[in-house]
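K.L.:
One structure, pasted below without further comment.
The values are calculated or read from the model by the stated rules, or taken from the named source; none is laboratory data. Quick caveat: nothing in here was measured; it's all calculated off a predicted structure. Ideal geometry is used to build each Cβ from the backbone, glycine not excepted, and the neighbour counts take in all protein chains shown.
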Amino acid sequence: MNAPLPDLATIKRARNQFIAALGASQVFFNEEDIASYRDKFAVDDTFHLPAGAIAPDSVEQIQAALRIAQENGIPLWPISRGKNLGYGGSAPVLAGSVILDLSRMKKIEYDEANGTVLLEPGVGFYDLYDFLQARGMKHWLSTPGNSWGSVVGNALDRGVGYTPYGENTSKICGMEVVLADGTLVRTGMGALDGSPTWQLYRYGFGPAWDQLFVQSNFGIVTKMGLWLMPAPESLMGMDIEFDSPDDLGPLVDAIAPLRREGLLQQSPTIGNWLRAAAVLTTRDQWTDEPGALSDKVIQAIRNRYKVGWWGVSLRLYGREDVNKAAYAILEREMDRLKPMSKKPAQWKQGEPLEASGWTGTPLTFPMQNANWHGGRGGHIGFSPVLPQSGKAAMEQFKRTYERYREYGMDYQASFAFGERHLINVNAVLLNKDDPAMMKKVDPFLKTLIADARAQGYGEYRTHLDYMDLVASTYDFNGNALAKLNQRVKDALDPVGIIAPGKSGIWPGKTGGARA
């Protein structure tokens, strides 16, 4: 699956040049270093091994690193913090790449009046939260379920959170990018030197380039503007549990119109029972039987933790009077579905803030689900995009649930709302010390991808192992999109020095495919 590693003489020469340009304390090429940048949840630990890593702390050092990489023909794989576990973490697609670790770049510029920040890639969600908290928390961020990663990195991979600003990619406003030849570019209004509106107007004049650098390998993002949510006057909502698998369709159809009309401005996520239980317990406490969990065991776990087959948290943000009126509508619509349980939630300024994703508080405890099977745990994501339809959601659930049972896997899934779409986020929970289980993972995921493609569904992001496969499913007009991506790659990075293979985009010198 991977091209050969660069020869040792080339690696040694490049390493010495990186030390001269960056300093020895920012260059990492020993065995422990290489191991630390592996994909911690990899299905096969022999794939995606880097040759080493470098950690520049400035644009000038990044430009120097690019020159050295070009001279030696060694690709660079940029990471912000490398915490995107389940999708590859800090590892590169192409073995032998040098990791360009941007986690030392941690500057924050804050425009309090307009509610924007300009961030470097090393700024984590905890960093930004602490920064805002020290300044009175006048603005909230939107955090993903596991919040130890980079704010920039999350937005660049289209990660989502749970507040009204949860679709982080849509809140990007202006970037600074280093291209493969070392050129430094600012997008949007940043193209005007000294512009005061760089983080205020997304588009600038002419083509708008911000999204070109999202999920791509066309440049290295060194700064990113992001809009923050003004701290609301109040928050109201409810946590609801539903007893039957068949409740999913009606629930989707009840929430979808509220989301489309804007009564619900957040992006709620409907999750199944294991999404809640896997962070509270481990499988061996319930059964030692192989294969997918039986209905009897599932019911016992649900009874212990008083969770439904599906659960969802709905929140309203803003003026208290407006929220009260909206809450009455929300409650009426949910009560029609006869939920198993309903727990109201309420907060207003001046009260202690709940530490949850609904308030933009960084969290890491959901990563506990990696311990579900014991051993060296992990997970890989499978996340196709669906229409916002109860019928489509039920059909996808039944189809995927049957595949989980066929392959003997425990089903953890959620259906995350956008404004017009659903993303069906499935976690394949792993035990890397179970050879029989690990042997099934690759064919299982390939089957899920094929099932989705048969319905016209594609993943919105995927693990390193499946980037080529998922890119190939976007196949309109003879894969015209892939060909366009390659043409852009060849124009901006003809040597293919930045992240070859990212999102299935390869330089033309490899024939547009994996070398």
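K.L.:
In region 346-386, which residue that is of a type in the set (V, I, T) and touching a strand residue (DSSP E or B) at 6+ places or on another chain (Cβ under 6 Å) is nearest to R403 (Cα to Cα)?
P.N.:
I380
K.L.:
Within region 29-49, track down each residue that is within 22 Å of V441 (Cβ to Cβ) and in contact with a strand residue (DSSP E or B) (Cβ under 6 Å, 6 or more places away or on another chain). Reasoning before the result, please.
P.N.:
Let us first name the residues in region 29-49 that are within 22 Å of V441 (Cβ to Cβ), namely 35, 37-49.
Once the filter is applied, which keeps residues that are within 22 Å of V441 (Cβ to Cβ) and in contact with a strand residue (DSSP E or B) (Cβ under 6 Å, 6 or more places away or on another chain), region 29-49 yields Y37, F41.
K.L.:
Quick check on region 100-136: of everything there that is charged (D, E, K, R) and assigned to a helix (DSSP H, G or I), which residue is surrounded by the most Cβ atoms within 10 Å (Cβ to Cβ)?
P.N.:
Filtering region 100-136 for residues that are charged (D, E, K, R) and assigned to a helix (DSSP H, G or I), the one surrounded by the most Cβ atoms within 10 Å (Cβ to Cβ) comes out as D127.
K.L.:
Of all residues in region 33-68, which are at pLDDT 95 or above, within 24 Å of the chain's Cα centre (by Cα), in a loop (DSSP other than H, G, I, E, B) and among the small types (G, A, S)?
P.N.:
A55
K.L.:
Ok, one more. Among the listed residues A450, A482, which satisfies the condition of being within 24 Å of S170 (Cα to Cα), without any contact (Cβ under 8 Å) to a residue 60 or more places away in the chain and either in a helix (DSSP H, G or I) or among the aliphatic types (A, V, I, L, M) (or both)?
P.N.:
A482
K.L.:
Filter region 308-338 down to the residues that are assigned to a helix (DSSP H, G or I) and among the basic types (K, R), then identify the one that is farthest from A231 (Cα to Cα).
P.N.:
Filtering first and then ranking leaves R332.
K.L.:
Suppose we keep only residues that are surrounded by 10 or more Cβ atoms within 10 Å (Cβ to Cβ) and not in a strand (DSSP E or B) within region 339-353. Which one would you say is modelled with the lowest pLDDT?
P.N.:
The residue in question is L353.
K.L.:
All but one of (1) touching a strand residue (DSSP E or B) at 6+ places or on another chain (Cβ under 9 Å); (2) free of Cβ contacts under 8 Å to residues at least 24 places away in the same chain hold for K306; which doesn't?
P.N.:
K306 satisfies all of (1) touching a strand residue (DSSP E or B) at 6+ places or on another chain (Cβ under 9 Å); (2) free of Cβ contacts under 8 Å to residues at least 24 places away in the same chain except (2).
K.L.:
Is one or more of the residues making up region 493-515 among the β-branched types (V, I, T), outside any loop (DSSP other than H, G, I, E, B) and modelled with pLDDT under 95?
P.N.:
Checking region 493-515: at least one residue is among the β-branched types (V, I, T), outside any loop (DSSP other than H, G, I, E, B) and modelled with pLDDT under 95.
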